[in-house]
Amino acid sequence: MKVFSVLLLALLVLAASEAQPTADFVDNRPTMLTGIEFSLNFGLIYPPAPQLSEETSTLYMRAVWKDEILGESSQPVFDGDSLVLSGSLSGLKLPNSGNQDVTVLLSYNEDFSAATENVYTVWVIVGGITVIPPTMTQTVYTFSVAAEKSSL
């Protein structure tokens, strides 16, 4: 029984050391244009981790679409004595139209060996279609997402 307790404690310590922040996407446009740069903004949710006790910890962020890196950035975990509660990746471009999933990886490791995957689905339209009012593209996006979810 004592061996089991030691193993359980070791697993909990290991899990805590690998805990990475997660993203809560906020204030992002649901519709983007192909080939036009955009930004993804997100709130950061930190689980307990040893990095939160180190004032010099860095958070690495990467946006990926279909195994293609769209953008990368890093920022300090702390701003003075305060925990940084938001992040952003900018200069992102998507080449295809339709529903596209952009995965944001967050990690304390520069090589992303341990990272959380946070998926943001965006409706992308061809740039020449911008004469269609935004409410129309939002309606098409809403129906597209509903149809995709019902097919699951």
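The values are calculated or read from the model by the stated rules, or taken from the named source; none is laboratory data. Not measured: the values here are computed from a predicted model. No Cβ is skipped: glycine too gets one built from the backbone with ideal geometry, and neighbour counts run over all protein chains shown. Ligands, DNA and RNA are stripped out before the accessible areas are found, and what is left, the full protein with its side chains, is counted by its heavy atoms. Shrake-Rupley method; radii C 1.70, N 1.55, O 1.52, S 1.80 Å.
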Could I have the simple spin-label model distance between residue 97 and residue 36, label points 7 Å from Cα toward Cβ, reported in nm to one decimal?
-> 1.3
Put 107, 113, 82, 73 in order of accessible area, largest first, 1.4 Å probe: what do you get?
-> 113, 82, 73, 107
The stretch 85-100 - phi-based ³J(HN,Hα) in whole Hz, Karplus 6.51/-1.76/1.60, Gly and Pro as x = 9, 9, x, 7, 10, 10, x, 7, 9, 10, x, 10, 9, x, 6, 10
Heavy-atom accessible area of residue 60 with all protein chains present, probe 1.4 Å, nearest 10 Å²?
-> 50
Which distance in nm do the two modelled labels at residue 142 and residue 85 give, with both placed 7 Å along the Cα-to-Cβ direction?
-> 3.0
At 1.4 Å probe size, with no ligands or nucleic acids counted, give the accessible surface of residue 67 in Å², nearest ten.
-> 150
With all protein chains present, calculate the accessible area of residue 93 using a 1.4 Å probe and round the result to the nearest 10 Å².
-> 100
Can you give the net charge of the other residues whose Cβ lies under 12 Å from the Cβ of residue 55, counting K and R as +1 and D and E as -1?
-> -3
FRET efficiency for residue 55 and residue 119, Cβ-Cβ distance as r, R0 = 30 Å, nearest 0.05?
-> 0.45
